[in-house]
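Below is one structure, written out as structure tokens; the observations come after it.
The values are calculated or read from the model by the stated rules, or taken from the named source; none is laboratory data. Quick caveat: nothing in here was measured; it's all calculated off a predicted structure. Positions of Cβ are generated from backbone atoms using ideal geometry, with glycine treated the same way; all protein chains shown enter the neighbour counts. SASA here: full protein model, heavy atoms, side chains in, ligands and nucleic acids out. Shrake-Rupley method; radii C 1.70, N 1.55, O 1.52, S 1.80 Å.
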Amino acid sequence: MTEPTSGPSPDEELHQLVGAVAVEAARAEFALRRLLVGLLDSQYAELIAAGRGTDQLIDDCRALVDVNIALEGSERAKARNLLADMKRLNTTRNRLVHSILAIDQSPGAPEDSPQVTALYSKHRRPDLSQTITLDAAQQVPKELRQVGDALLLWTFANLPAATRQQVLPPQ
């Protein structure tokens, strides 16, 4: 008879975490593309939005929100706040998806909330690391979904162009 396991191994837990972050980040990126399409309000907006990375989408949307004359103060503030949340979450997403991850299993590591260390590098800055608790890391996909959904709802409520088909479907 085999003894029951107490849950996923640390490697499996990291794989599940990275997968959940990637799935929810893709949903959030879709919301950002719809926002950019709505803000551009052009028959070519979908072509312009296609292929942009998340950071560029956030920056472009922020610039357009700031100058859009149709948005009132509270609507503009809500969009800015959602985009700021998305920027913060995207930075954490990048750490979790593009870094070498390890769950701290060293002696003395907190058992109730293990820590995840992400080893990464940035342009001309190698060997950087960031440590967050596993609990905090597991909140990232949930927050990505919440912010992405809120952004999509805000977009559809405030930018009618986001719901119109603007280009021919691919053939």
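Brief remarks on what is shown
- Cα gyration tensor category, rounded, prolate or oblate, for segment 49-120 with a/c compared to 1.5: oblate
- Residue with peak Gaussian network fluctuation, the chain [Cα springs, cutoff 10 Å], from Pro160, Pro107, Pro141: Pro107
- Options (1) 26, 23, 16; (2) 47, 19, 13; (3) 37, 17, 15 - which one matches semi-axes √(5λ) of the Cα gyration tensor in Å as calculated here: (3)
- Here the Kirkwood formula, the inverse mean of 1/r across different C-alpha pairs, assigns segment 96-171 a hydrodynamic radius of 16.1 Å.
- Efficiency of FRET from Cβ geometry, Tyr44 and Gln171, R₀ 22 Å, rounded to 0.05: 0.80
- Ranked by solvent-accessible area (1.4 Å probe, protein heavy atoms only, all chains present), the residues Ser74, Ser99 order from largest to smallest as Ser74, Ser99.
- Cross-link reach list, lysines versus Lys78, counting only Cα pairs under 30 Å and skipping chain neighbours closer than eight places: Lys87, Lys142
- The chain, helix-only ellipticity at 222 nm - DSSP H runs n ≥ 4, -39,500 (n - 2.57), divided by all residues, nearest 500: -20500 deg cm²/dmol
- Just the protein heavy atoms count here, and of the accessible area of the chain at 1.4 Å, carbon and sulfur take up 53 percent.
- Rolled with a 1.4 Å probe across the full set of protein chains, the surface gives Glu143 an accessible area near 50 Å².
- Accessible surface ranking for Thr54, Thr133, Thr163, 1.4 angstrom probe, highest first: Thr163, Thr133, Thr54.
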